[in-house]
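Following: one structure in structure tokens, then a few remarks.
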Amino acid sequence: MRLATAEINLTALAHNLAQVKCFAPNSKVMAVLKANAYGHGLVTIAQHLNDADAFAVARIDEALALRAGGLTKPIVLLEGFFNKADIPILLANNFQTVIHDEYQLAALEKAKLDAPITCWLKVNTGMHRLGIAPEQFETFYNRLQNTPNAKNTVNLMTHFSCADDVGNAKTVQQITLFDNLVNGIDQAHCLSNSAGIIAWPNGHGDWVRPGLMLYGVSPMANSIGQQHKLKPVMRLTTRVIAVRNVPANEAVGYGGRWISDKPIKLAVVAMGYGDGYPRHAKEGTPVIIGEQRYGIVGSVAMDMISVDIGANEHNIKVGDRVTMWGPELPVEEIALCADTIPYELLCNITPRVSYEYQR
């Protein structure tokens, strides 16, 4: 019997990519696959994104894994390279690289290459993480145009910091700064992450970079994916491994932090932080057994969670399937119960969870 399982719905994945194209019909799509495709399985997810125009990853090992898996689409390294020794690897594997600082540009200029590399020049318009300062743009752009190690097609990129909040004027400021900076330069522009795709059509540009929304999860504050016509791709499930009677006034779980004031029946389910479930999920965080919601009680342990099954004790038995999150129980809701974000929950799935890919 399988216990912790991540069921990955490939039909939902295709639907979400189609929704990206509905939001940004005039933009090419760079599907973001970093962090094991947000916990969904890097290579398999890429193999089922045939309608994407390119892939994006954070680091070179992710890009190499895609090539080893037979993927031939363009691959963009969103953080660029970290060592000059990586530059020949980029060329040999036809990787495209973001250039975001002086170290990277100088290393590229000094490299001895047989052919040029496609580069994306990233400008910091207010995220203050990676990217050259706006006043450096002209110098960096000209140097990339003049080095034989970079193709003359120098794509231009920035990243939004507050696009998930439609009431925040920061995104408009970033779009305006970027547009003014690149005005008149006939190169491809890429600004929008998932939140930008959904909420800021003026920032779509020639390319968009969907990440979280590909997996059916909302990138917007205080919403779920279904509100944007997205379908959750992952359903995280497990099984009931014990059903127990607990007397009144007895503590449950590590630390004894939860005590029932009446006799209760608990279902113990095979899931915990060893599988990637959030340890700080609060009392009452929902799970689904059968078709009914129940709340967890006590502390989330490494391998097990206790669930108060109330008056349905005769309907629940060992071996019953338990949904921890999925289409019927949005991961966004679980993230709120654990004071975290859905990105973290999806990325934290551990190797002992089995993956089942379904259509």
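The values are calculated or read from the model by the stated rules, or taken from the named source; none is laboratory data. For clarity, every value in this text was computed on a predicted model and none was experimentally measured. Ideal geometry is used to build each Cβ from the backbone, glycine not excepted, and the neighbour counts take in all protein chains shown. Heavy atoms of the whole protein, side chains included, go into the accessibility calculation; ligands, DNA and RNA do not. Shrake-Rupley method; radii C 1.70, N 1.55, O 1.52, S 1.80 Å.
Let's see how each residue does on (1) among the aromatic types (Phe, Trp, Tyr); (2) assigned to a strand (DSSP E or B); (3) touching an Asp or Glu at 6+ places or on another chain (Cβ under 9 Å):
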{"residue": "Pro278", "(1), (2), (3)": "no, no, yes"}
{"residue": "Lys282", "(1), (2), (3)": "no, no, yes"}
{"residue": "Ile296", "(1), (2), (3)": "no, yes, yes"}
{"residue": "Ile316", "(1), (2), (3)": "no, no, no"}
{"residue": "Gly319", "(1), (2), (3)": "no, no, no"}
{"residue": "Glu332", "(1), (2), (3)": "no, no, no"}
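The rows are residues; the columns are (1) of a type in the set (D, E, K, R); (2) surrounded by 15 or more Cβ atoms within 10 Å (Cβ to Cβ); (3) touching a strand residue (DSSP E or B) at 6+ places or on another chain (Cβ under 7 Å); (4) modelled with pLDDT of 95 or more.
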position: Asp86; (1), (2), (3), (4): yes, yes, no, yes
position: Ala107; (1), (2), (3), (4): no, yes, no, yes
position: Lys112; (1), (2), (3), (4): yes, no, no, yes
position: Ile117; (1), (2), (3), (4): no, yes, yes, yes
position: Gly131; (1), (2), (3), (4): no, yes, yes, yes
position: Asp164; (1), (2), (3), (4): yes, yes, no, yes
position: Asn168; (1), (2), (3), (4): no, no, no, yes
Exercise for review: Check off (1) open to solvent by 10 Å² or more (accessible area, probe 1.4 Å); (2) more than 16 Å from Val240 (Cβ to Cβ) for Asn315 and give me the number that stays unchecked.
Suggested key: (2)
Review point. Does any residue of segment 266-274 turn out to be surrounded by fewer than 19 Cβ atoms within 10 Å (Cβ to Cβ) and within 15 Å of the chain's Cα centre (by Cα)?
Key: no
Study note, to complete from the structure: Here the residues within segment 2-31 that are β-branched (Val, Ile, Thr) and open to solvent by 10 Å² or more (accessible area, probe 1.4 Å) are Thr11
Review point. So which pairs qualify, if the first residue must be in segment 340-359 and under 11 Å from Thr5 (Cβ atoms) and without any contact (Cβ under 8 Å) to a residue 24 or more places away in the chain, the second must be part of a loop (DSSP other than H, G, I, E, B) and open to solvent by 30 Å² or more (accessible area, probe 1.4 Å), the Cβ gap must be under 6 Å, and the two must be at least 6 apart or on different chains?
Key: none
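Within segment 334-347, how many residues turn out to be closer than 11 Å to Ala281 by Cβ and in a loop (DSSP other than H, G, I, E, B)?
Of segment 334-347, the ones closer than 11 Å to Ala281 by Cβ are 334-340, 345.
Filter once more, so that each one left must be in a loop (DSSP other than H, G, I, E, B): 338-340.
Final tally of qualifying residues: 3.
Say we look at segment 300-314 and pick out the residues that are of a type outside the set (Ser, Thr, Tyr) and in a strand (DSSP E or B); which of these is nearest to Pro278 (Cα to Cα)? Break it down into steps so the answer makes sense when it comes.
Quick first cut of segment 300-314, residues of a type outside the set (Ser, Thr, Tyr) only: 300-305, 307-314.
In the following step, the residues that additionally are in a strand (DSSP E or B) were identified as 305, 307-308.
Values: Ile305: 11, Val307: 15, Asp308: 18 Å.
Checking each candidate, the answer is Ile305.
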Check your understanding: When segment 341-352 is examined, which residues are found to be in contact with a helix residue (DSSP H, G or I) (Cβ under 9 Å, 6 or more places away or on another chain) and open to solvent by less than 40 Å² (accessible area, probe 1.4 Å)?
Key -> Pro342, Leu345, Leu346, Ile349
Study note, to complete from the structure: Ser218 meets each of (1) touching a residue at least 12 places away in the same chain (Cβ under 8 Å); (2) part of a loop (DSSP other than H, G, I, E, B); (3) open to solvent by 10 Å² or more (accessible area, probe 1.4 Å) with one exception, condition (3)
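Filtering segment 243-265 down to residues that are of a type in the set (D, E, K, R) and surrounded by 11 or more Cβ atoms within 10 Å (Cβ to Cβ), which residue is nearest to Ala301 (Cα to Cα)?
So in segment 243-265, the residues of a type in the set (D, E, K, R) come out as 244, 250, 257, 261-262, 265.
If we keep only those that are surrounded by 11 or more Cβ atoms within 10 Å (Cβ to Cβ) as well, we get 244, 250, 257, 265.
Values: Arg244: 17, Glu250: 18, Arg257: 13, Lys265: 19 Å.
My answer is Arg257.
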Study note, to complete from the structure: Filtering segment 221-255 for residues that are more than 18 Å from Cys337 (Cα to Cα), among the charged types (D, E, K, R) and in contact (Cβ under 8 Å) with a residue 24 or more places away in the chain leaves a count of 4
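Out of Gly284, Gly298, which single residue is out of contact with any His (no Cβ under 6 Å at 6 or more places or on another chain), surrounded by fewer than 13 Cβ atoms within 10 Å (Cβ to Cβ) and within 23 Å of Pro263 (Cα to Cα)?
Of Gly284, Gly298, the one residue that is out of contact with any His (no Cβ under 6 Å at 6 or more places or on another chain), surrounded by fewer than 13 Cβ atoms within 10 Å (Cβ to Cβ) and within 23 Å of Pro263 (Cα to Cα) is Gly284.
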